[in-house]
Amino acid sequence: MIRYALLCAHDDAFEGWFRNSGDYDAQLAAGALVCPLCGSSEVRKAPMAPAVISRRARGTGPEEVPSQKGMLRKLREHVQANYAYVGDGFAEEARAMHEGDAPERAIWGEASTEQAIELIQSGAPIAPLPPGAAPLPPKQLN
């Protein structure tokens with residue numbers, strides 16, 4: 001996984017996680033990168049310093065520095081265990097909560113890229129789950 005610091009046309013700063021640099025390029029070309037703060041689709045990489053962890057800072061064993069994959073897996077497992085799975089109805093449910101037509105609750109599910117962009121542009125507080133970090137979603141709705 002690669003983490004990029006990103007800036008939009010209004011200089012809002014945010015970050016994005018990508019499987020590789022090609023994923024970033026493909027999402028940028030498809031217009032799928034959208035600023036979560038203002039909805040701008042004019043996004044660019046921001047300058048950033050590489051994160052280097054020395055052996056001294058890390059301690060004696062690699063188990064003291066959690067892997068990115070492990071942290072992402074734990075995040076996804078937490079969401080799956082504590083949020084209601086709404087399947088393909090995620091976009092509709094998130095929109096209804098954002099507009100005050102449904103009570104707020106913690107949910108997760110699937111949405112198309114277009115649905116996610118529309119939700120972000122409307123100001124709905126959504127975020128993608130890391131892909132492939134945990135088992136597939138349950139077959140039945142909670």
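Since every read-out is calculated from the coordinates, none of them should be taken as a lab result. Source: prediction; values computed, not measured.
Quick one: 3J(HN,Hα) in Hz for segment 8-13, Karplus 6.51/-1.76/1.60 with θ = phi - 60°, rounded, Gly and Pro as x.
Values per residue, Gly and Pro as x: 9, 4, 9, 6, 6, 9 Hz.
Go through segment 104-112 residue by residue and turn each phi into a ³J(HN,Hα) via Karplus (6.51, -1.76, 1.60, θ = phi - 60°); whole Hz please, and just put x for glycine and proline.
5, 7, 7, 10, 8, x, 10, 8, 6
Once phi is turned into ³J(HN,Hα) by the Karplus curve 6.51 cos²θ - 1.76 cosθ + 1.60 with θ = phi - 60°, what whole-Hz value does each residue of segment 32-48 show in order, with x for glycine and proline?
Calculated HN-Hα couplings, in order: 8, 8, 9, 5, x, 8, 10, x, 5, 9, 8, 10, 9, 6, 9, x, 8 Hz.
Can you give me the long-range amide H partners of TRP108? Hydrogens built in the peptide plane at 1.01 Å from N, cutoff under 5 Å, separation of 5 or more residues or another chain.
ALA84, TYR85, VAL86
What is the diffusion coefficient of segment 1-56 in µm²/s, taking the Kirkwood radius over Cα pairs and the Stokes-Einstein relation at 20 °C with a viscosity of 1.002 mPa s?
The Stokes-Einstein estimate is 178 µm²/s.
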